[in-house]
1. Check S99 against each of (1) over 19 Å from the mean Cα position of the chain (by Cα); (2) under 19 Å from Q130 (Cα atoms) and name the one condition it does not meet.
2. Out of the residues in region 15-33 that are part of a strand (DSSP E or B) and at pLDDT 85 or above, which is surrounded by the fewest Cβ atoms within 10 Å (Cβ to Cβ)?
3. Can you pull out the residues in region 49-80 that are in a helix (DSSP H, G or I) and open to solvent by less than 30 Å² (accessible area, probe 1.4 Å)?
4. Pull up region 64-85, narrow it to residues that are touching a Ser or Thr at 6+ places or on another chain (Cβ under 7 Å) and among the small types (G, A, S), then point me to the one that is nearest to W110 (Cα to Cα).
5. Only one residue in V105, V115 is modelled with pLDDT of 95 or more, more than 19 Å from I43 (Cβ to Cβ) and of a type in the set (V, I, T), so which one is that?
6. Among the residues of region 89-129, which ones are part of a helix (DSSP H, G or I), of a type in the set (A, V, I, L, M, F, W, C) and either open to solvent by less than 30 Å² (accessible area, probe 1.4 Å) or in contact (Cβ under 8 Å) with a residue 40 or more places away in the chain (or both)?
7. Can you say whether L40 is at pLDDT 85 or above, more than 16 Å from the chain's Cα centre (by Cα) and either farther than 25 Å from L80 by Cβ or of a type in the set (D, E, K, R) (or both), as far as the supplied structure shows?
Amino acid sequence: LLKKYSGGNTKLLYPAGVERTFDFSSAFLGTKIDVEIAELYEIRNLIPSDLEVEKALEQLGKGAIFFYSHNTAKHVCKTLFKHSCRERVEGLSAIAISSKTAEPVLKYPWQDVYVADEPTEQSMVSKLHQVSLA
């Protein structure tokens with residue numbers, strides 16, 4: 001696909017968040033493809049109260065939490081494990097969409113940590129079914 005568009009001056013629009021972990025523009029250095037980054041969203045971490053965290057964990061019971069990004073995983077783990085309800089969290093399983101996303105999760109004492117076989121939500125759901133049948 002890159003060869004198809006690299007013959008002339010081609011523009012590529014990359015809708016992105018303000019914070020990015022991958023330098024998309026540098027992937028096209030030396031080509032005739034001009035990348036235009038359009039920052040369309042920003043993610044803000046919220047700090048819930050102890051009561052909100054405890055209520056959410058109570059509703060979850062014994063279950064699993066899906067993690068879709070490295071930054072989200074880092075924030076959620078810090079938030080959950082700093083609260084007094086650490087014992088409840090340690091009884092949960094974590095399912096990460098990728099190895100990169102699982103990195104911060106593995107630093108905490110979850111019951112189990114699983115990584116999806118492919119970086120898709122369907123693969124995460126399949127992993128959940130494997131876990132719940134085990």
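1. (1)
2. As a first pass, look at region 15-33 and keep what is part of a strand (DSSP E or B): 15-17, 33.
After this cut, where a residue has to be at pLDDT 85 or above as well, the list is 15-17.
Values: P15: 10, A16: 14, G17: 13.
Step by step, filter region 15-33, then rank; the result is P15.
3. Keep residues of region 49-80 that are in a helix (DSSP H, G or I), which gives 50-60, 70-80.
V53, L57, A73, C77, T79, L80, listed by residue number.
4. Ranking the candidates gives A64 first.
5. On the way: V105 fails: more than 19 Å from I43 (Cβ to Cβ).
Within the list V105, V115, the selection yields V115.
6. First pass over region 89-129, keeping only residues part of a helix (DSSP H, G or I): 89-90, 99-105, 121-129.
Right, trim to of a type in the set (A, V, I, L, M, F, W, C) and you get 89, 102, 105, 124-125, 128.
Answer for region 89-129, where residues must be part of a helix (DSSP H, G or I), of a type in the set (A, V, I, L, M, F, W, C) and either open to solvent by less than 30 Å² (accessible area, probe 1.4 Å) or in contact (Cβ under 8 Å) with a residue 40 or more places away in the chain (or both): V89, A102, V105, M124, L128.
7. Numbers: at pLDDT 85 or above: yes; more than 16 Å from the chain's Cα centre (by Cα): yes; either farther than 25 Å from L80 by Cβ or of a type in the set (D, E, K, R) (or both): yes.
Yes.
The values are calculated or read from the model by the stated rules, or taken from the named source; none is laboratory data. The structure presented is a predicted model; accordingly, all values stated were derived computationally and were not measured. For neighbour counting, all protein chains shown are included, and Cβ atoms are generated from backbone atoms with ideal geometry for every residue, glycine included. Ligands, DNA and RNA are stripped out before the accessible areas are found, and what is left, the full protein with its side chains, is counted by its heavy atoms. Shrake-Rupley method; radii C 1.70, N 1.55, O 1.52, S 1.80 Å.
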